[in-house]
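Scroll down for the structure; my scribbles are underneath it.
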Amino acid sequence: MKSPLLSLPGAVAAEGRDEGVAAHYGDLFREQRALADGHGFVDLSHRGVVTVTGDDRLSWLHLLVTQHMTDLAPGQATEALILSANGHIEHALYLVDDGETVWAHVEPGTREELVAYLESMKFFYRVEVADRTDDIAVVHLPAGSIAEVPEGVVVRETPHGRDLFLPRADLESFAGSHGPAAGVLAYEALRVEAHRPRLGFETDHRTIPHEVGLIGSAVHLQKGCYRGQETVARVQNLGKPPRRLVFLHLDGSEVLLPGHGTPLRLAADGEEGRQLGFVTSSVRHHELGPIALALVKRNVPVDAPLIAGTTAAAQETVVEP
């Protein structure tokens, strides 16, 4: 779904998972600084929007997701995962309830599979699931923004900013009154700086929540049974995850950033050394320079210099070994 905001001056279309919105509008670092200062907005209208209505919506979701949902207050933002039977992350939902409807935005390309799963689990519960992506767009206002939210728009407020569920027909008028627009590359740079994992980037087919630091924020440890809970409980009580998320400071003299999947090795072993992990997201930050998130084996020493492909990388701990 192509955003109408790609017609704004300077817009350069994003590629890959973020196709359909702008990567930037001509000045990546200016856009990052604006967001960091609480100005402007980010067009995230390529993300999926799914709603759940009905009297049983919270108690029903409570049975399916990793988050405690039964006591979710209207207007309170939360996030949750849907796991496989083996505890691997399948879906990530960013949620808010408005008192009548639970609103969720999800990764591009995941909404159809998510809706199909939710529909299959309705049974006799009084719930209705709807894919609202065609008529509702997600727009992000950064932390510190004092921009007014249009009347009637559902807001999901977090420490990182406000996610608006905006009628898609209002995107262009919203941009005209809430600029300057910032592209998803600026949004991603601040995400990586904050060590926030993203489905499909920091996760693969075998990622469990402990590996990427989602215990607490997206996984509630004091709730009833849900699919995959046995793995979560076992790792929490008896062991450690096989991998851990790290933050990397990359060598700023390199022209190209190491892309998703670039192997990580000990710098002392060189390019022929054993692979110990891989880069998950890499960005250029307006203050920190080139930075990245990565998954490494749990036993990699926390102070060991690494190389990402051929690029030197100094690591910071995100998930404790």
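Computed quantities for the displayed model
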| read-out | value |
| --- | --- |
| Any strands (runs of 3 or more DSSP E) falling wholly within segment 207-321 and containing at least 3 residues that are of a type outside the set (A, V, I, L, M) and within 30 Å of Arg30 (Cβ to Cβ) | 277-285, 311-317 |
| Qualifying residue in segment 102-110 (condition: touching a residue at least 40 places away in the same chain (Cβ under 8 Å) and charged (D, E, K, R)) | yes |
| Residues (in contact with a Leu (Cβ under 7 Å, 6 or more places away or on another chain) and either more than 25 Å from Leu114 (Cα to Cα) or open to solvent by 30 Å² or more (accessible area, probe 1.4 Å) (or both)) located in segment 130-149 | Leu141, Pro142, Ala147, Val149 |
| Pair list, Cβ under 8 Å, 6 or more apart: segment 1-14 residue over 26 Å from Arg111 (Cα atoms), other residue acidic (Asp, Glu) and open to solvent by 40 Å² or more (accessible area, probe 1.4 Å) | Gly10/Asp27 |
| Residue match in segment 43-53 (condition: over 28 Å from Cys225 (Cβ atoms) and open to solvent by 30 Å² or more (accessible area, probe 1.4 Å)) | no |
| Every residue from segment 1-49 that is of a type in the set (A, V, I, L, M) and part of a helix (DSSP H, G or I) | Leu5, Leu6, Leu28, Ala34, Leu35, Ala36 |
| Identity of the residue in segment 197-206, surrounded by fewer than 22 Cβ atoms within 10 Å (Cβ to Cβ) and out of contact with any Gly (no Cβ under 9 Å at 6 or more places or on another chain), that ends up farthest from Asp27 (Cα to Cα) | Arg206 |
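Quick grid of which residues meet (1) in contact with a Pro (Cβ under 9 Å, 6 or more places away or on another chain); (2) of a type in the set (Phe, Trp, Tyr); (3) modelled with pLDDT of 95 or more; (4) under 22 Å from Gly309 (Cα atoms):
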{"position": "Ser217", "(1), (2), (3), (4)": "no, no, yes, no"}
{"position": "Lys240", "(1), (2), (3), (4)": "yes, no, no, no"}
{"position": "Arg244", "(1), (2), (3), (4)": "yes, no, yes, yes"}
{"position": "His249", "(1), (2), (3), (4)": "yes, no, yes, yes"}
{"position": "His260", "(1), (2), (3), (4)": "no, no, yes, yes"}
{"position": "Asp269", "(1), (2), (3), (4)": "no, no, yes, yes"}
{"position": "Glu287", "(1), (2), (3), (4)": "no, no, yes, no"}
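The values are calculated or read from the model by the stated rules, or taken from the named source; none is laboratory data. Only a predicted model underlies this, so the values are computations on that prediction, with no experimental measurement involved. Cβ atoms come from the backbone with ideal geometry, glycine included; neighbour counts cover every protein chain shown. The protein model used for the area step is the full one, side chains on, heavy atoms only, and it has no ligands, DNA or RNA in it. Shrake-Rupley method; radii C 1.70, N 1.55, O 1.52, S 1.80 Å.
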